[in-house]
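Shown next, in structure tokens, is the structure this report addresses.
Computed from the coordinates by the stated procedures, all read-outs in this text should not be read as laboratory data. Note that the coordinates shown come from a computational prediction; the quantities given were computed from them, not determined experimentally. Virtual Cβ from ideal backbone geometry, glycine too; neighbours counted across all protein chains shown.
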């Protein structure tokens with residue numbers, strides 16, 4: 001017996017397309033009907049970026065915020081001529097410049113594409129128009145922002161209270177894909193150690 005015809009949303013889910021990553025993220029905060037998913041997708045702009053593209057520079061005022069659907073974006077500060085990596089954004093993560101959405105303050109950090117990326121891109125004007133047309137999604141957006149803030153606070157506290165080895169073990173458990181996707185010297189900077197120290201930590205763990 002033939003099954004029911006495949007819906008557009010089911011097809012999107014199966015293909016793991018950029019659109020699917022956005023809908024999967026929103027679905028963490030509300031149950032979406034196919035009609036609501038279609039509304040969201042019709043109001044999203046996707047852009048492709050090349051490896052090495054700079055999305056944001058120190059001192060720049062950004063009017064864009066992003067959602068990563070493919071690739072890896074690195075956040076780093078430039079301190080005394082040395083890059084200090086503070087975050088990596090991979091598939092399914094929002095990227096808000098200036099540590100908050102649309103604050104219109106000069107950035108203190110850089111955002112750079114570590115890989116070829118596909119990002120959804122929005123502006124304050126896009127957000128206002130969308131919420132005017134579909135006010136039911138404004139609450140979802142607020143919940144999502146609060147969720148990301150809570151994660152950032154938790155991650156910062158965990159970083160401050162853990163040893164370098166504990167940070168690396170936590171990375172293996174929570175974001176293992178970064179081990180193969182990120183150069184070791186950037187990973188070391190992210191963990192707050194030198195590349196040499198990271199190499200010793202990895203050898204010590206592998207030798208157990």
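Structural remarks
- Average Cα contact separation per residue, the chain, under 8 Å, 6 or more apart, as relative contact order %: 21 percent
- Distribution of pairwise C-alpha distances over the range 45-152, 10 Å bins, in %: 14, 45, 34, 7, 1
- Theoretical FRET efficiency, 1/(1+(r/R0)^6), r = Cβ-Cβ of residue 34 and residue 163, R0 41 Å, to 0.05: 0.30
- Shape of the range 111-167, Cα gyration tensor, a/c cut at 1.5: oblate
- Label assignment, P(r) over Cα pairs in 10 Å bins from 0, in percent derived from the structure, set [x] 7, 29, 33, 20, 8, 2, 0; [y] 8, 29, 28, 19, 12, 4, 1; [z] 9, 35, 37, 17, 3, 0: [x]
- Simple label model, 7 Å out from Cα along Cβ direction - residue 172 to residue 80, nm: 3.2 nm
- Mean ellipticity per residue at 222 nm, deg cm²/dmol - from DSSP H runs of n ≥ 4 across the chain, formula -39500 (n - 2.57): -14000 deg cm²/dmol
- Length-normalised contact order of the range 117-208 in % [C-alpha pairs under 8 Å, at least 6 apart]: 15 percent
- Longest to shortest principal axis, alpha-carbon extents of the range 19-62, angstrom: 40, 19, 16
- Shape call, the range 162-208: gyration tensor on alpha carbons, a/c limit 1.5: rounded
- For the range 45-152: relative contact order, % (alpha-carbon pairs under 8 angstrom, 6 or more apart): 37 percent
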